Amino acid sequence: MTFSPTNTYFSRKADQVLGEVCSLVGHKPQARARQTLFKMVMLLLLCVVLPLTCGHQEESSGPADRFVCSPVINIPKLACSGHDDNSCLDACHSKIEGLERHLDKEKKKITDLEQRLSSLEGQRVRAGLGSAADPGLSCKEIKDTVDSAQDGLYHLRSQEGIVYQTYCDMTTADGGWTLVSSVHENDMYGKCTAGDRWSSTRGSTTNYPEGDGNWANFNTFGSVELATCDDLKNPGYFSINASDVMLWHVPNNTPLSQYKSEAYLRYYTTDGFLRQYGGNLYSLFKDHFPIVYNGGTGNGPAIPIITWDNGSEDLVKSLLAPNVLTEVTPGFVHFCVFNNERAPHAVCPGLKYNGGNVEHACIGGAAYWAEVAPRQCGDFAGKDWDGYGTHTGWSSSLLELESAVLFFYR
């Protein structure tokens, strides 16, 4: 007798298995999945799709009622003894179960391939990530998505939907660094005047204990192209969720194309400290260490610099005012440090300050320095105490005095 696939167990199982295949490959398979898919389909054609038949074995020497279950092509035969049709079905059932197990393995391979190809396709589709049409959330997101991304200008979008352009360092320590701010002293002789956005633009006064408050508010100013000519603060300063910071010391008026090459100090943290303080400097100063005259909660953290991308601890010391050397430890970035008169300083770049004459080495602050006020008021406070760029006593070197400090997040 003959068992037709249209009205036997074979029909039901074949329809079930083929239905799964069709649902899996109902769309055109990706190129890298074709070989695996081809092998799977051929297996089905050989073992399931082509009709299986059972018929009388026409051998004169054997029993007249011996049946053989075999496909019409040459694959191993399944013997069916006696007149029991169920024996043939059971044998074929076992064979199909084996095929189904193999099919499951092939399906998993295809699924894995499709996921990998989808990821690669996503990278291709978002090759324009960081453009004005497709701004990223940070330079790190762009670098993670487009591994070939290079240093340069990119468009980003803040959490509030504001699109802005900034510089991304895509090569230092695997890249993904976003320029968010710069501190630049445009007039050492103008004490807390128009250009002193990181301290006070409203003069030396106790009426504004926090000064302009730009270390902990949503104000933005400046442009990335002029980050070494004027102060910069973009939306990334308060919207990016970061782990570490990188600082560059770049001579004033350096053009954008030379920021990196002209930075005589480039260094970064690696311990993920920002995660403890809300993910950015805005949160660190707003919620943990306020920049407020005669207030706050004391000095903030001193984060070690593990890697100097350019420069060294010795170079840092060589640029500082000679009199501060006994009070500092190079190799750190120290945040929110108060001087002897309780005036706060936002950042001590490249060093930890251990004494009380902070104004001669650290940058940024509030609106009032009590000692001989307003002589120390401004973004660079008392770095010119013993003359402008004289590098004597409590005065810094000319190079340090006439350089901007650029801040990056990652």
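The values are calculated or read from the model by the stated rules, or taken from the named source; none is laboratory data. All values reported here derive from a predicted model rather than from experimental measurement. Ideal geometry is used to build each Cβ from the backbone, glycine not excepted, and the neighbour counts take in all protein chains shown. We work out accessible area using only protein heavy atoms, side chains counted, and drop any ligands, DNA or RNA first. Shrake-Rupley method; radii C 1.70, N 1.55, O 1.52, S 1.80 Å.
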Simple spin-label estimate for Glu100/Thr171, 7 Å along Cα→Cβ, in nm, reads 5.8 nm
Under the 7 Å Cα-to-Cβ spin-label approximation, Ala133 and Asn253 lie apart by a distance in nanometres of 4.0 nm
With the 1.4 Å probe rolled over protein heavy atoms, segment 233-349 has an accessible area per residue in Å² of 36 Å²
By the mean-Cβ-within-10 Å protection proxy, highest first, 168-181, 272-285 rank as 168-181, 272-285
Per-residue accessible area, 1.4 Å probe, largest first, puts Tyr388, Tyr237 in the order Tyr388, Tyr237
Quick calc: nm separation of the 7 Å Cα→Cβ label points for Asp287 and Asp147 -> 3.4 nm
Probe 1.4 Å, all chains present, heavy atoms only: Val163 accessible area in Å², nearest 10, is 70 Å²
Too long for a 19 Å Cα-Cα cut-off, among Lys260/Lys383; Lys233/Lys286; Lys191/Lys260; Lys191/Lys383, are Lys260/Lys383; Lys191/Lys260
